[in-house]
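Worksheet: the structure to be examined is printed underneath.
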Amino acid sequence: MELKIKGWDINFVAQKIANDIPDGSYVNLGIGIPELVANHIPKGKELIFHTENGLLGMGPAPEPHLADPELINAGKKCVTAIPGASYFHHADSFTMIRGGHIDYCVLGAFQVSQEGDLANWSTGEPDAVPAVGGAMDLVAGVKNILVITQHTTKTGEPKIVKRCSYPLTGKAVVNKIYTNYAVLEVRDKKLFVLEMAPDVNSDFLKSVTDAELNFPKSYISFYVPI
Amino acid sequence: MELKIKGWDINFVAQKIANDIPDGSYVNLGIGIPELVANHIPKGKELIFHTENGLLGMGPAPEPHLADPELINAGKKCVTAIPGASYFHHADSFTMIRGGHIDYCVLGAFQVSQEGDLANWSTGEPDAVPAVGGAMDLVAGVKNILVITQHTTKTGEPKIVKRCSYPLTGKAVVNKIYTNYAVLEVRDKKLFVLEMAPDVNSDFLKSVTDAELNFPKSYISFYVPI
Amino acid sequence: MINKIVSSVQEAVADIFDGATVLISGFGEAGSPIELIHALIDKGTKNLTIVSNNTGSGHVGLAALIENKQVKKVICSFPKTANSVVFPELYKKGEIELELVPQGTLAERIRCGGAGVPVFYTRTSVDTVLAEGKEKRVFNGKEYLLEYAVKGDFALVKCLKADRYGNLVYNKTARNFGPIMCTAAKVTIVQAKEIVDPGQIDPEAVVTPGIFVQRVVEVKNPMEESVLVAENRRYPWN
Amino acid sequence: MINKIVSSVQEAVADIFDGATVLISGFGEAGSPIELIHALIDKGTKNLTIVSNNTGSGHVGLAALIENKQVKKVICSFPKTANSVVFPELYKKGEIELELVPQGTLAERIRCGGAGVPVFYTRTSVDTVLAEGKEKRVFNGKEYLLEYAVKGDFALVKCLKADRYGNLVYNKTARNFGPIMCTAAKVTIVQAKEIVDPGQIDPEAVVTPGIFVQRVVEVKNPMEESVLVAENRRYPWN
């Protein structure tokens, strides 16, 4: 009987990202799961969070009675500002993004291709209302694009694919992919497995991945055969 | 014996400009003679002075002991700021200019052509150090370009010419020319005389002007034949 | 004397004409000039092109303007939010046009509109469906898209404090599109929570210099869109 | 912990290399980072390309850097002022290159450098000798010139107050090119009259957000160029 493979908890994946981003980095977190990264900054590390609606030095959510509907993040949730924060208008905010001043952006994904193409803004359904926000600006401008996502869709379809079937957010833009099963890196238009969850092995990973996977000799696996 | 024709005092010319600019206008004054305009604002009229080095709401020169070398105008002279002034950086300052937000710019001239070409930044001498500053931005962006100048050079050469021999600051950019002898307007690439100084008549004006002059029926002359 | 203060939101929007392009500040409800929008609904101006990051929530403010069939087209980056119902419905019925623009491209297009720059090039949206039909050009080995400036006949903007010259400061992330929209419209109309005397705003801290503003109206206690939406209010008031 | 404060101007400029492009803030003496420039003179870095509105006065600051033969080329709008002697002399002898750029075009080229915009179009200098060799294009019936972004390897900037994150505020018209230069350099080095704790600068009034700054050094009592020029001082000190 096959064991149910769960991989890492998504919070643990967020923690991995928080560990990997260097101290002192300027970071933009996408809406949803990427926001978890902010909960896991290691002690002694200082990251500065940028939200494209005009705040550098975003802090955590406020106590409910202190919430200010005019102090929000890109997901339109109430946030706080750290001492040393600054407010600015949208053109200045996207100067930070387009100008390559943000070090890391962590985004969710519908699909990521083995060449680093990202699809995360539209499923391409003809009658859906298209909405892009700042996603295309972020992937075009930020130095390092990290994706955090479940490895497959809720129905078990691969999200890490040879070629995205959904409309692209950007082509060859993703640097690393963090999923519940593995950490993958795009190098020279190829996808390398850097690390796998303890209950994941390479055969399993291939079985839930449409993309071609490369296993460098030095990849980390916590897999222990049972 | 011919009388010496003097025309208006240059301060009176500056006053004419101050009278002509509508209440509430945003105005940029060039370095030198144009600065005289600020001394002649009629009572009850409010003009806001812009200086391209980053100040809107420029006031007069300070008392010497209050001068701040970090509060200067485009001519690098110490100025003051009125209540309601604002400071901004150079890109924002030239957004005001290039974006067509400044209503009037008053500039000096080496030469103005009958089609409104302006030459005021270089005499084209081969070994001179060229320096353009904001002059080309101002003539390209400001809604109305007024020139204040002596009608001729110190050696009596015409400054109002058929075609500028000096390098242009801008082509077909000047709206009105205020000289010690006359007020002229460029319309449809022709030069019209709107007004002459009391001791100036049309023959004299033609004699000191290289450009073709048009005298509309309604022009004002204070000339009284003697 | 320069005095850009007008006494009512009605007076402030009185000359907005049918077919005008109107830039409306705000990111979600933060910075959305809801009282000015409601005055525009009262006025009933038609066939508007609205440039705004979103399309409003519930049945108030920008959503109500759209619901009232005054809007022909929206130019925006994110035309739906948690509580957007009006725009999606009209869009699916084909009753409203949408020009979808990435948020940073929208911001820069508006800034260009204000700065006298007709076009600019950007990497954003290269190799995506939003690049279709756009002129491309390679600089330093990378492909860029040509994007055109956006200008408005009017801008409706919300701020915190203003003076009679039109100098403005904003509140926190409600600043968002306000300052660039002020620069890009022929007539910029601002609602301020407080009008102060000239000199009361530190000249070092002015965000929008008065030159970019034509009218200011004081709205001391602006409504909060999220509260109205939670109460299921509709404008015109039900 | 993020701490961009360095302890001396020498340390601040230590890695500026021969052949670097250096953006230097200031409009005349207002905003000119004279102590950082003098540290660069002490270091003796050669073949610099300097982007600055002017070329300095007398024999101190930027003029002294040029006089010390460290500068290959200047990109500026107005390379002479009342007290400019160094640049004009070298220029007439053909010993220094000049790229003359209209002031607003220079400002926008620097802003583009910081904003990831490779080029823009402007009406400025159309039909003048400065348009020669430049690509032209017509938009809405008017001719525009294509202008390229300017970026620096380093920027040297003077401000009033800074904190350890690199947030900056400036003093009056000494702001000028500082904020845009901060955005357009790989390494932005700032001298501040005062370093304050984070939070001491009102987040609504920050002019340069810290993301655009890499190093800050406190220079409590910066010299005044005009005073030095009046006293006929020379750097290195005579």
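Laboratory data are not the source of any read-out in this text; all were calculated from the coordinates shown. Since the structure is predicted, the reported quantities are computational estimates derived from the model, not experimental observations. Note that we place each Cβ from the backbone using ideal geometry, even for glycine, and neighbour counts take in every protein chain shown.
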Aspartates and glutamates whose Cα lies under 17 Å from that of B:Lys76, excluding same-chain neighbours fewer than 8 positions away:
B:Glu35, B:Glu52, B:Glu63, B:Asp68, D:Glu29, D:Glu224, D:Glu225
Once amide H atoms are placed 1.01 Å from N in the peptide plane, what residues at a sequence separation of 5 or more from A:Ile72, or on another chain, have their amide H within under 5 Å of its amide H?
A:Val79, C:Thr173
For chain D, give the share of DSSP beta bridges that are antiparallel, in percent and rounded to the nearest 5; count only bridges with both residues there.
30
Taking only Cα atoms and a 10 Å spring cutoff, compute GNM fluctuations for chain D and point out the largest among D:Asn167, D:Asn83, D:Asn53.
D:Asn83
The FRET efficiency for B:Thr155 and B:Asn19, from their Cβ-Cβ distance with R0 = 25 Å and rounded to 0.05, is 0.20
Between helix A:10-20 and chain A, what is the angle of the helix's C-alpha long axis to the longest principal axis, kept within 0 to 90° and rounded to the nearest 10?
70
Most fluctuating residue of D:Ala82, D:Ala155, D:Ala30 in a GNM of chain D with Cα springs under 10 Å: which is it?
D:Ala82
Could you give, in nm with one decimal, how far A:Phe12 is from each other copy of that position, shortest first, with labels 7 Å out from Cα toward Cβ?
9.2
Only Cα pairs under 8 Å and at least 6 apart count here; give the relative contact order of the stretch D:1-147 as a rounded whole percent.
15
Whole angstrom only: what separates the Cα centroid of the stretch C:145-199 from the Cα centroid of the stretch A:86-165?
30
Taking amide H atoms as placed 1.01 Å from N in the peptide plane, list the residues 5 or more away in sequence, or in a different chain, whose amide H sits under 5 Å from that of A:Asp199.
A:Gly7
Nm distances between the label at A:Leu66 and the same-position labels in the remaining copies, 7 Å along Cα→Cβ, shortest first?
4.2
Karplus-derived 3J(HN,Hα) from phi for the stretch C:223-233 (6.51 cos²θ - 1.76 cosθ + 1.60, θ = phi - 60°), whole Hz, x at Gly and Pro, runs 5, 9, 3, 5, 5, 4, 5, 4, 8, 6, 6
With an 8 Å Cα cut-off and a minimum separation of 6 or more residues, compute the relative contact order for the stretch D:127-175 in percent.
20
For D:49-62, what's the mean count of beta carbons from other chains sitting within 10 Å of each residue's beta carbon?
1
Other-chain or far-sequence residues with amide H under 5 Å of C:Thr188's (modelled H)
C:Ala155, C:Gln214, C:Arg215
Using alpha carbons only, how many angstrom separate the centre of the stretch A:23-72 from the centre of the stretch C:1-55?
32
Can you compute 3J(HN,Hα) from phi for each residue in the stretch A:191-203, using the Karplus curve 6.51 cos²θ - 1.76 cosθ + 1.60 with θ = phi - 60°, rounded to whole Hz and x for Gly and Pro?
9, 10, 8, 8, 6, 10, 5, x, 9, 10, 10, 5, 5
Return the chain C residue and its Cβ-to-axis distance, rounded to the nearest Å, for the rotation relating C to D.
C:Ala205, 2
When each copy gets a label point 7 Å from Cα toward the beta-carbon at B:Asn201, what are the spacings between them in nm, shortest first?
11.4
Given B:Lys77/D:Lys142; C:Lys172/C:Lys220; C:Lys46/C:Lys186; B:Lys45/D:Lys80; C:Lys43/C:Lys220; A:Lys16/C:Lys142, which pairs have Cα atoms separated by over 29 Å?
B:Lys77/D:Lys142; B:Lys45/D:Lys80; A:Lys16/C:Lys142
How much of the DSSP bridge set in the stretch D:97-177 is antiparallel, in percent, rounded to the nearest 5?
100
First check a/c for chain D, with a ≥ b ≥ c the square roots of the eigenvalues of its C-alpha gyration tensor; if it is under 1.5, answer rounded, and if not, answer prolate when a/b is larger than b/c or oblate otherwise.
oblate
Pick out which of D:Val217, D:Val119, D:Val101 has the largest mean-square fluctuation in a Gaussian network model of chain D, springs linking Cα atoms closer than 10 Å.
D:Val119
With the 8 Å Cα cutoff and a minimum separation of six or more residues, chain B has a relative contact order in percent of 18
When the charge dipole of chain A is computed with +1 at the Cβ of Lys and Arg and -1 at the Cβ of Asp and Glu, the Cα pointing farthest to the positive end, of A:Val186, A:Ile148, A:Ile10, is that of A:Val186
